[in-house]
Amino acid sequence: MPDDASRPSIRDVRAELQVSKWLSPIHVLLTFRAPTIAAHAQPGQFVHLRVSAFGNSPLLRRPFSIAGANLADGTIRLLVRTVGRGTFMLGELFPGGELPALGPLGRPFPEIEKGREVVLVAGGVGVAPLLFYAATRDHDTKVALYGAEAELALVLADELAEHCDRTQLATDDGSVGHHGFVTDLLPETLGGLRDPVVLACGPRPMMAKTAAECRTRGVPCYVSFEAWLGCGVGACLGCVIPAAGEPRAYVRVCRDGPVFDADEVGWDLLR
Amino acid sequence: MSEGPVLLPDLRTVLGPLELRSPVITASGTCGYGSEYEGLLDFSRLGAVTVKGLTLQPRLGNPPPRICETPAGMLNSIGLENPGVEAFIAEKLPWLIDQDVPVIANINGGTVEEYVRLAERLTGCPGIAALEVNISCPNVDHGGLEFGKDPRQTAQVVGAVRSATTLPLLVKLSPNVTSIVEIAQAAVDVGADILSLINTLVGMSIDIFSHRPRLARGIGGLSGPAIKPVAVRMVWEVHRALPEVPLIGMGGIMTGADAVEFMLAGASAVGVGTASFVNPSAGNDVLDGIIEYARHRGIERVAELVGSVIL
């Protein structure tokens with residue numbers, strides 16, 4: 001598997017929080033000034049962030065997909081869903097505060113020919129890398145399918161829609177859009193396209209279902225994984241997922257991914 | 001101690017037959033094969049790099065999840081995933097040789113025979129400065145900690161490796177024993193030159209919502225600042241019992257201050273492990289911290305610190 005090409009540009013920098021904006025009671029969008037990361041970031045890559053510059057608890061860094069990069073002011077955006085101590089601490093960080101940020105890390109989404117239709121399948125905060133993709137990559141047709149528990153959790157949906165030709169929403173509770181899973185929308189969407197490529201990021205069952213649907217139709221599919229990471233650079237082997245095929249092997253989410261061709265993933269062994 | 005300020009303390013570290021330019025070593029399993037940290041860590045300032053544990057054949061490792069965070073620490077159950085010794089020599093070692101840093105090969109077997117064959121293969125291999133016999137891995141079903149829990153089995157495997165190599169021989173000790181001094185003595189009696197301590201403490205964490213362990217294998221090895229006091233105590237105990245034996249102290253070292261604490265307890269060198277996950281330049285930053293401490297205190301040779309705790 002080829003290594004990520006942008007590796008020499010990886011830096012461990014002090015990123016200064018510029019804006020902290022709550023998008024829902026549990027989602028916060030953080031804008032950090034980190035010029036070297038902003039300059040090299042590609043959609044699908046992530047930063048490995050210490051949630052506190054001091055102390056040993058939480059100990060490990062937390063990985064966040066880059067939701068956007070602004071070359072003009074050297075900023076990156078990270079979408080955080082507050083689920084535990086580390087993310088709560090991030091939500092409470094005041095602008096002006098600095099945190100160590102390592103990045104940009106990992107293998108980004110591939111280059112896709114402009115003429116092909118791109119379908120972005122987002123589940124929850126999995127919208128982050130797809131928003132970055134939609135905002136920076138030019139295609140003749142971009143379709144977004146975005147699902148979450150409820151309307152309140154469909155954060156940044158308007159922004160995603162601005163960058164796409166068509167956007168369909170889905171919610172578990174039916175509060176907006178399709179009442180059900182975002183993957184329910186895939187067959188009809190793919191059926192109406194000529195030569196699509198699917199990019200997906202969200203919960204593992206969502207990505208598994210997306211990959212299966214694409215496989216059936218012979219549509220290329222790329223998925224971006226989340227995992228508990230240790231080092232973030234490929235050394236600790238803590239974040240692996242099963243690879244497809246024989247002999248059995250594991251691949252590192254942080255270094256071989258987080259974006260994988262869906263055919264590289266051992267979906268049947270994934271837990 | 002000198003009168004005026006010390007510009008740069010003497011960092012040379014003598015571990016029996018192994019002489020290093022600095023006392024800071026990366027601990028096995030936490031620095032991969034080095035190249036993962038390319039551009040983030042200056043290897044030429046390290047005393048040595050201890051590579052991820054090697055086995056004769058490639059090893060798949062344990063199913064994920066393999067790591068989880070715990071208070072001021074982490075659990076891991078990697079299960080010695082590695083490409084095998086031949087692929088290590090062919091594909092990983094050349095990069096490390098280019099970094100101008102001594103390489104310590106950490107070896108793991110399911111049987112004494114496997115340890116011996118690994119030692120034979122790596123002895124005389126250009127770029128390998130020493131062998132570290134890992135008899136303390138808690139994450140495999142065969143070998144590993146089985147050897148490190150019992151002084152007779154420790155003597156058997158270390159003695160066999162001693163006969164198979166002329167390289168400086170390190171033995172990595174487990175804290176998961178009743179008396180670490182007893183195991184240390186057994187290893188030294190059959191020819192261990194240097195002792196590395198400690199490996200991880202066996203631990204467990206359970207997700208109360210799913211009722212499942214947070215690691216797929218159930219149990220794993222606890223590392224990080226949470227284990228530092230245990231590690232310092234064990235270094236002190238072994239140093240007190242075996243004052244002539246050079247020790248590499250490790251367990252939760254995040255800063256130069258932590259490293260100095262281990263040296264005062266009796267470690268001649270220190271291993272930086274989990275800290276590298278949190279801070280990729282930890283190996284350099286810990287050394288800078290030791291230097292700063294020595295300058296501040298007017299210490300000319302960092303070796304003066306070793307075992308100088310006042311009781």
Review point. (1) surrounded by fewer than 23 Cβ atoms within 10 Å (Cβ to Cβ); (2) at positive phi; (3) within 14 Å of chain A (Cβ to nearest Cβ): which one isn't true of residue B:34, the others all being true?
Key: (1)
Review point. Out of segment B:61-75, which residues are of a type outside the set (Val, Ile, Thr) and either facing another protein chain (nearest Cβ under 7 Å) or under 25 Å from residue B:253 (Cβ atoms) (or both)?
Key: B:61, B:64, B:65, B:66, B:68, B:69, B:71, B:72, B:73, B:74, B:75
Check your understanding: If you take just the helices (runs of 4 or more DSSP H) that sit entirely in segment B:178-297, which of them hold at least 2 residues that are more than 21 Å from residue B:146 (Cβ to Cβ) and touching a helix residue (DSSP H, G or I) at 6+ places or on another chain (Cβ under 6 Å)?
Key -> B:228-241, B:256-265, B:275-278, B:282-297
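The rows are residues; the columns are (1) touching a strand residue (DSSP E or B) at 6+ places or on another chain (Cβ under 6 Å); (2) in a helix (DSSP H, G or I).
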{"residue": "B:105", "(1), (2)": "yes, no"}
{"residue": "B:113", "(1), (2)": "no, yes"}
{"residue": "B:124", "(1), (2)": "no, no"}
{"residue": "B:133", "(1), (2)": "yes, no"}
{"residue": "B:141", "(1), (2)": "no, no"}
{"residue": "B:152", "(1), (2)": "no, yes"}
{"residue": "B:155", "(1), (2)": "no, yes"}
{"residue": "B:161", "(1), (2)": "yes, yes"}
Exercise for review: Being in a helix (DSSP H, G or I) and within 14 Å of another protein chain (Cβ to nearest Cβ) is the filter here, so list the residues in segment A:38-75 that pass it.
Suggested key: A:40
Review point. Within segment A:15-36, is there a residue that is within 14 Å of another protein chain (Cβ to nearest Cβ) and not polar (S, T, N, Q)?
Key: no
Point to revise | Flag for residue B:226 being closer than 16 Å to residue B:144 by Cα and at pLDDT 95 or above | key: no
Exercise for review: Scan segment A:202-233 residue by residue and report those that are in contact with a helix residue (DSSP H, G or I) (Cβ under 8 Å, 6 or more places away or on another chain), buried (at least 24 other Cβ atoms within 10 Å of the Cβ) and within 14 Å of chain B (Cβ to nearest Cβ).
Suggested key: A:230, A:231, A:232, A:233
Review point. Could we say that residue B:26 is facing chain A (nearest Cβ under 7 Å) and either of a type in the set (Asp, Glu) or under 17 Å from residue B:255 (Cα atoms) (or both) here?
Key: no
Revision key, fill the gap. Filter segment A:235-250 for residues that are crowded, with 17+ Cβ neighbours inside 10 Å and more than 18 Å from the chain's Cα centre (by Cα); the one that is farthest from the other protein chains (Cβ to nearest Cβ) is A:244
Exercise for review: May I ask you to say which residue of A:126, A:177 is buried (at least 18 other Cβ atoms within 10 Å of the Cβ) and touching a Pro at 6+ places or on another chain (Cβ under 8 Å)?
Suggested key: A:126
Study note, to complete from the structure: Residues in segment A:200-221 that are hydrophobic (A, V, I, L, M, F, W, C), within 15 Å of residue A:184 (Cβ to Cβ) and not in a helix (DSSP H, G or I) total 1
Practice item. Determine whether segment B:34-44 contains at least one residue that is assigned to a helix (DSSP H, G or I), in contact with a Leu (Cβ under 9 Å, 6 or more places away or on another chain) and within 25 Å of residue A:249 (Cα to Cα). Key: yes
Practice item. Provide a single number: the residues in segment B:76-97 that are more than 10 Å from chain A (Cβ to nearest Cβ) and either part of a helix (DSSP H, G or I) or surrounded by 19 or more Cβ atoms within 10 Å (Cβ to Cβ) (or both). Key: 13
Review point. Would a scan of segment B:100-108 turn up a residue that is buried (at least 17 other Cβ atoms within 10 Å of the Cβ), farther than 20 Å from residue B:247 by Cβ, of a type in the set (Gly, Ala, Ser) and away from chain A (no Cβ under 14 Å)?
Key: no
Study note, to complete from the structure: Of the candidates B:251, B:220, B:224, B:271, the one satisfying the condition of being more than 14 Å from the chain's Cα centre (by Cα) and crowded, with 24+ Cβ neighbours inside 10 Å is B:220
Practice item. Go through segment B:42-52 and give me each residue that's more than 10 Å from every other protein chain (Cβ to nearest Cβ) and buried (at least 21 other Cβ atoms within 10 Å of the Cβ). Key: B:43, B:46, B:47, B:48, B:49, B:50, B:51
Study note, to complete from the structure: Counting only residues that are in contact (Cβ under 8 Å) with a residue 60 or more places away in the chain and of a type in the set (A, V, I, L, M, F, W, C), segment A:232-252 contains a total of 2
**Study point:** Residue tally, condition crowded, with 24+ Cβ neighbours inside 10 Å and more than 11 Å from every other protein chain (Cβ to nearest Cβ), over segment B:274-286
**Key:** 2
Point to revise | Residues that are without any contact (Cβ under 8 Å) to a residue 24 or more places away in the chain and either basic (Lys, Arg) or in contact with a helix residue (DSSP H, G or I) (Cβ under 9 Å, 6 or more places away or on another chain) (or both), drawn from segment B:121-146 | key: B:146
Exercise for review: Would you check if residue A:186 is touching a residue at least 24 places away in the same chain (Cβ under 8 Å), aliphatic (A, V, I, L, M) and part of a helix (DSSP H, G or I)?
Suggested key: yes
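The values are calculated or read from the model by the stated rules, or taken from the named source; none is laboratory data. Bear in mind that the values here come from a model prediction, so they are computed numbers and not experimental data. A quick note on method: Cβ atoms are made from the backbone with ideal geometry, for glycine too, and the neighbour counts reach across all protein chains shown.
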